[in-house]
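Chemist: I have a structure here, written as structure tokens, and I will follow up with some questions on it.
The values are calculated or read from the model by the stated rules, or taken from the named source; none is laboratory data. Here the structure is a predicted model, which is why all the values come from computation and not from measurement. These accessible areas exclude ligands, DNA and RNA; they are computed on the full protein's heavy atoms, side chains included. Shrake-Rupley method; radii C 1.70, N 1.55, O 1.52, S 1.80 Å.
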Amino acid sequence: MYYKFSGFAQRLVGATAAAAYNPQGLKPIVSTESPAPIFGTTSKLASDFPATDSYLGKNKVPDLQKIFQKADGLPVHLKRGVPDRLLYRTTMALTIGGTIYCLVALYMASQPRQQK
């Protein structure tokens, strides 16, 4: 009887003579053929595509440049209106709340424990 180590069961199991002499599924003969290419298609350059493809959509950059370059005295992160103000105020509230929470936790950790 022949035995080999099973990687799945982590113990010795019965095996055929060929499997016992080639443990862990190693084969004595290695193939000399080159493996198939993973990406068999060739790459296409951006210049190969027409400039008016439907997936490109409308160019929004000129419109956004007009919005962000307007001299209205607002900071850049508030130029797009209500959604920007809401995000800014939420971020500030969470930052201030987190700072207060950390200071309270530090104060409580610095106090000695009360003996019962």
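Chemist: Counting only the heavy atoms of the protein chains, how much of R85 is accessible to a 1.4 Å probe, in Å² to the nearest 10?
Modeler: 110 Å²
Chemist: Now a separate question. What shape does the range 61-115 have by the C-alpha gyration tensor, where a ≥ b ≥ c are the square roots of the eigenvalues, rounded means a/c under 1.5, and otherwise prolate means a/b greater than b/c and oblate the rest?
Modeler: Note, shape of the range 61-115 comes out prolate.
Chemist: Going by accessible area, probe 1.4 Å, with all protein chains left in place, what is the ranking of I67, I38, I96, largest first? Mind dumping the intermediate values first?
Modeler: Details: I67 65, I38 150, I96 100 Å².
Ranked list, largest accessible area first: I38, I96, I67.
Chemist: Each residue of the range 83-90 in turn: what ³J(HN,Hα) in whole Hz from Karplus with 6.51, -1.76, 1.60 and θ = phi - 60°, glycine and Pro shown as x?
Modeler: Karplus values, whole Hz, x for Gly and Pro: x, 5, 5, 5, 5, 5, 5, 5.
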